[in-house]
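Each remark here refers to the structure printed beneath this line.
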Amino acid sequence: MPSITLQDKLDEITSRTRGLVQAERLAIGENFVQELLNSGIESRTLKVGDSVSEFALKDSAGKIVRSSDLLALGPVVVKFFRGRWCPYCMTELEAWRDLYGRVRELGGLMVAISPQNQRQNDFTVQQHELRFPVLNDPGAKVAEAFGITYTVPEPMQRHYRSILVNIPFVNGEESWRLPLPAVFVVGQDGVVRFAEAHADFRVRTEPERVLGALISA
């Protein structure tokens, strides 16, 4: 029997949602995804061979984590996620939690980055028992340097408010800026070895593909 992939788990979330949510509400999300796809944002993200700008962000305990310090120890998997309010993101981070031993065995490190504030990141780490740093990226500015930041359009803002997802509260600022779900492998020379971002938040990169890139990073 074939093993269950990350995308299989995410597709199950999508299936359950479609069975529970009214069609007009589903249409708002579908339109949002289509607009992001049409914007061409996926084509503007950092690609393999691009250099990554150095960054320094606070982890869930308030400690500053510098990309230069991480890269001095090994290649780094950089995982961007939207927030703990997103079940797709949490399912993905739990998959990475379970594979983090593999990342370390391959000589790599990992960080997850979100615009949600430090308190929300602490909740994320504790509730999901994450073993890697979760960093606060205020205003999604580091995500912007990776080419993956967008502003949630007004119809989707209203939709999030209607389902009690208060992104300005979670992020601690009013911009409504989020990152695309994305994963990058950065070599010790600061050059991207693997890059993939998804305008459709229901689609994520299979970790095994990333681990394959880490082997040669």
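So how far, in whole Å, is the C-alpha centre of region 7-70 from the one of region 196-217?
Each part's Cα centre sits 12 Å from the other's.
Under DSSP H, which helices of the chain have Cα atoms covering 18 Å or more of the helix axis and a Kyte-Doolittle average no less than -1.0?
Helices meeting the criterion: 6-20, 23-39, 87-105.
If the cut-off is 14 Å between C-alpha atoms, which aspartates and glutamates fall inside it for residue 9, apart from same-chain ones fewer than 8 positions away?
Those aspartates and glutamates meeting the cut-off are 92, 94, 206.
On the accessible surface of the chain, probed at 1.4 Å, how many percent belong to carbon and sulfur atoms?
51
Could you work out the local net charge near residue 138, counting Lys and Arg as +1, Asp and Glu as -1, over the other residues with Cβ closer than 14 Å to its Cβ?
Neighbour charge sum, excluding residue 138 itself: -1.
Suppose only helical runs count, i.e. DSSP H with n ≥ 4. What mean residue ellipticity at 222 nm does that imply for the chain under -39500 (n - 2.57) per run, divided by all residues and rounded to the nearest 500 deg cm²/dmol?
-13000 deg cm²/dmol
Let's see if you can work this out: charge +1 on each Lys and Arg Cβ, -1 on each Asp and Glu Cβ, no other charges. What is the dipole magnitude of the chain about its Cα centre, in debye to the nearest 20?
The calculated dipole for the chain is roughly 300 debye.
Give the residue from 185, 133, 70 lying farthest towards the positive end of the charge dipole for the chain; charges sit on Cβ (+1 for Lys and Arg, -1 for Asp and Glu) and the dipole is referred to the Cα centre.
Ranked along the dipole, the leading option is 133.
Which aspartates and glutamates have a Cα lying under 13 Å from the Cα of residue 47, excluding residues fewer than 8 positions away in the same chain?
Partners found: 196.
Using amide H atoms built 1.01 Å from N in the peptide plane, name the residues 5+ places from residue 194, or on other chains, whose amide H lies under 5 Å from its own.
Sorted by chain and number, the residues that satisfy this are 185.
How far, in nm, would the chain grow between residue 105 and residue 161 when pulled straight, counting 0.36 nm per residue and subtracting the alpha carbon separation?
Result: 15.9 nm gained on full extension.
Among the lysines, select those whose C-alpha is under 23 Å from the C-alpha of residue 58, and discard any that sit fewer than 8 residues away in the same chain.
Answer for residue 58, where 23 Å is the Cα cut-off: 79, 141, listed by chain and number.
The values are calculated or read from the model by the stated rules, or taken from the named source; none is laboratory data. Since we're looking at a predicted model, the values are computed, not measured. With ideal geometry, Cβ positions are generated from the backbone for all residues, glycine too; neighbour counts draw on all protein chains shown. What goes into the accessible areas is simple: the full protein's heavy atoms, side chains included, and nothing from ligands, DNA or RNA. Shrake-Rupley method; radii C 1.70, N 1.55, O 1.52, S 1.80 Å.
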